[in-house]
Amino acid sequence: MAQKINQPSTPVKTNAKPAARNIADAQPVYFVFDKSNYTWLIAAVVVVILGFFLMSGTTDIYNSTKIVIAPLTVLAGFGIGFYAILKKPDTKA
């Protein structure tokens with residue numbers, strides 16, 4: 001069974017032109033993160049990758065670099081990442 005499609009009996013009037021926006025009423029856009037936040041975030045990713053690189057390898061697993069320095073480097077990278085997220089962007093007003 002085919003369904004009957006109901007169309008409106010009178011044409012629907014639409015506004016052909018979009019509403020004009022007043023440029024003077026526009027508010028300035030402030031982003032959550034600033035360029036410095038992204039710079040800190042990239043630095044955090046690099047430090048974390050460096051820490052995991054220091055942890056890699058199969059020889060001498062009890063090396064002090066692999067069990068002390070590399071985990072501290074990864075934790076420092078995560079700390080830099082938290083700082084990058086929580087840092088307030090500079091407001092230029």
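The values are calculated or read from the model by the stated rules, or taken from the named source; none is laboratory data. As the structure is a prediction and not an experimental result, all values here were calculated from the model. Positions of Cβ are backbone-derived with ideal geometry, glycine not excepted, and every protein chain shown enters the neighbour counts.
Things worth noting here:
- In this structure, residue 66 does satisfy being part of a helix (DSSP H, G or I) and basic (Lys, Arg).
- Single residue of 59, 91, 14, 10 found to be among the polar types (S, T, N, Q), part of a loop (DSSP other than H, G, I, E, B), at pLDDT 75 or above and exposed (fewer than 12 other Cβ atoms within 10 Å of the Cβ): 59
- Residue match in region 25-40 (condition: outside any loop (DSSP other than H, G, I, E, B), out of contact with any His (no Cβ under 9 Å at 6 or more places or on another chain) and at pLDDT below 75): yes
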